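The values are calculated or read from the model by the stated rules, or taken from the named source; none is laboratory data. Computed from a predicted structure; not experimentally measured. Using ideal geometry, Cβ is built from the backbone for each residue, glycine included, and neighbour counts are taken over all protein chains shown.
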Ligand SMILES: *Cc1c(COP(=O)(O)O)cnc(C)c1O
């Protein structure tokens, strides 16, 4: 286990070497397409700086963030990167895009209009155009596309260097929706080509990359797999875990049979037991839904989470783990317990676990 600072309550350990290895593995799977990295939400919760700098060292040149402020923060770290902002520009809020050379993803005709106005004489960066191919979340739908084709002047004032769409079911290879979106994307891209000039295409997220070369086009957008979770859950060990979560044991106590534990007294110990109170709670992004069902590890010994997860504290039954002592760290995510395991116990997905974890924990960067 990595060394954590003496005062830290809980620690997220970020392995830059694993992140870089995952980038290279995805780049290899993407073949001749460029592999861009999605670093929205503070690098999926692991910290924009350690994540983005490691990816740049691994050869990544193009990054996607969700919000303009994320793009601005990334620009400070990577002066030369291509940065796309997925949510696009809001009316009256185009200044950061121009000042920091952030490429907006234009998601509807209103954003096309906003960016056209912002692009007048300003040396604006090229934008991406997002086509909805069935997810019905963001992007221009078929009616918008028909309008563009009928009125090419709508696109005359903007430079578009990327056309993209997003898969709804990319992590499920057998899902027929993938093929339908692929066909819809090709058709939409073909319809737009005469309007756009030279322009790259992008469809695949992590799951899409693993669907094979038909989905790669010119650029792929890797997210969750970079951070070590296999979106398809088909080949465990394919990606290296990037994050560990360690929680400091604050107290260890012996309790008599029949005593209850934590808020709501939802757990009662059957026999004489030792309990460890760990400095981690839902305010740290440790899900409350793990109450009475999560576990931790002391060395190689699994210890059950007992009672409710509270805001800052969680209790584990360490009767079987005599090494559990105040001041030491318990493994909450790590070699014995993957982010996927925790997500399954908590009834959620690795994305939600990772993005929540970085809120308060001390970050320790290793493997650079
Ligand atoms: C978040 C996101 C991605 C990355 O998806 P992963 O499943 O994490 O690989 C790619 N493209 C878009 C548009 C996204 O919103």
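Per the listing 319, 314, the residue uniquely at pLDDT 95 or above, more than 23 Å from residue 228 (Cα to Cα) and buried (at least 21 other Cβ atoms within 10 Å of the Cβ) is 314.
The condition of being part of a loop (DSSP other than H, G, I, E, B), within 16 Å of the ligand (Cβ to nearest atom) and in contact (Cβ under 8 Å) with a residue 12 or more places away in the chain holds for only one of 26, 55, 46, that being 46.
Residue 18 passes every criterion in (1) within 14 Å of the ligand (Cβ to nearest atom); (2) within 17 Å of the chain's Cα centre (by Cα) apart from (1).
When each of 233, 225 is tested for being under 30 Å from residue 281 (Cβ atoms), modelled with pLDDT of 95 or more and within 13 Å of the ligand (Cβ to nearest atom), the lone residue that passes is 225. Tallying residues that are touching a strand residue (DSSP E or B) at 6+ places or on another chain (Cβ under 8 Å), outside any strand (DSSP E or B) and within 28 Å of residue 364 (Cβ to Cβ) within the range 263-289 yields 5. Is it the case that some residue within the range 98-107 is assigned to a strand (DSSP E or B) and under 16 Å from residue 186 (Cα atoms)? Within the range 98-107, none of the residues are assigned to a strand (DSSP E or B) and under 16 Å from residue 186 (Cα atoms).
Per-residue answers, yes or no, for (1) in contact with a strand residue (DSSP E or B) (Cβ under 9 Å, 6 or more places away or on another chain); (2) modelled with pLDDT of 95 or more; (3) surrounded by 15 or more Cβ atoms within 10 Å (Cβ to Cβ):
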position	(1), (2), (3)
325	yes, yes, no
330	yes, yes, yes
334	yes, yes, yes
339	yes, no, yes
346	no, yes, yes
358	yes, no, yes
362	yes, no, yes
367	yes, no, yes
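Scanning the range 122-154 for residues that are touching a strand residue (DSSP E or B) at 6+ places or on another chain (Cβ under 8 Å), away from the ligand (no atom under 16 Å from the Cβ) and outside any loop (DSSP other than H, G, I, E, B) yields a total of 2.
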